[in-house]
Amino acid sequence: MPHEYTANIDWRRDAGTFTDGRYSRAHRWHFDGGATIPASSSPGIVPLPYSDPAAVDPEEALIAATASCHMLWFLSLAARQGYSVLSYQDSAGGRLEPNERGKLAFRRIVLRPRVEFSGAAPDAAQLQALHQAAHEECFIAQSLRAEIVVEAAG
């Protein structure tokens, strides 16, 4: 059954000439639940002052969405298998690199989840199987062309 998701993006030009490229890339993301997130281009792509380093950039959001999706599936699968997760932390990352057409793209995203259990915990093989199943179920991972590597702490 298909599900549809939306996000509203709001950008307004500041004072100044637009066509010279010297305009702010800061904007807002509005989501259906009411959350509004300050967003901008990455200062690594568009230099200051035209980017907002305090805002979330699309590249960070993609990494966070991938890690979050994996985590949500992991938690669901662990609960179904009777494991009680106490905490889940991830230090995910990715790097933009030229793809086969010479365009910058995420070729690889690395997830580094650290999971703490209360009570019985899965052994290393069971933990790896849970992460593999979470990866297979994650909608974001299944939508991306980049390789997604899970380096779970055991």
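The values are calculated or read from the model by the stated rules, or taken from the named source; none is laboratory data. Here the structure is a predicted model, which is why all the values come from computation and not from measurement. Cβ coordinates were reconstructed from backbone atoms using ideal geometry, including for glycine residues, and neighbour counts include every protein chain displayed.
The table below gives the values:
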| quantity | calculated |
| --- | --- |
| Selected residue [part of a loop (DSSP other than H, G, I, E, B), outside the structural domain of Ala146 (by TED's automatic domain parsing) and within 17 Å of the chain's Cα centre (by Cα)] from Tyr5, Tyr23 | Tyr5 |
| Output for region 11-34, where each listed residue is touching a Phe, Trp or Tyr at 6+ places or on another chain (Cβ under 7 Å) and hydroxyl-bearing (Ser, Thr, Tyr) | Tyr23, Ser24 |
| Qualifying residue in region 77-87 (condition: loosely packed, with under 14 Cβ neighbours inside 10 Å, over 30 Å from Arg12 (Cα atoms) and touching a Ser or Thr at 6+ places or on another chain (Cβ under 6 Å)) | yes |
| Test: residue in region 136-150 that is closer than 21 Å to Ile45 by Cα, in a strand (DSSP E or B) and hydrophobic (A, V, I, L, M, F, W, C) | no |
| Positions within region 90-112 being touching a strand residue (DSSP E or B) at 6+ places or on another chain (Cβ under 7 Å), surrounded by fewer than 15 Cβ atoms within 10 Å (Cβ to Cβ) and over 16 Å from Arg145 (Cβ atoms), in sequence order | Gly93 |
| Matching residues in region 28-55 - criterion: being surrounded by 13 or more Cβ atoms within 10 Å (Cβ to Cβ) and under 22 Å from Leu96 (Cα atoms) | Ala39, Ser40, Ser41, Ser42, Pro43, Ile45, Val46, Tyr50, Ser51, Asp52, Ala55 |
| Odd one out for Asn8, checked against (1) modelled with pLDDT of 95 or more; (2) under 24 Å from Gly94 (Cα atoms) | (2) |
| Flag if Val115 is out of contact with any Ser or Thr (no Cβ under 8 Å at 6 or more places or on another chain), over 30 Å from Arg22 (Cβ atoms) and buried (at least 17 other Cβ atoms within 10 Å of the Cβ) | no |
| Which numbered condition Ala64 fails, given (1) buried (at least 16 other Cβ atoms within 10 Å of the Cβ); (2) among the aliphatic types (A, V, I, L, M); (3) within 30 Å of Asp123 (Cα to Cα); (4) without any contact (Cβ under 8 Å) to a residue 60 or more places away in the chain | (1) |
| Flag if Tyr88 is of a type in the set (Ser, Thr, Tyr), outside the structural domain of Glu4 (by TED's automatic domain parsing) and outside any helix (DSSP H, G or I) | yes |
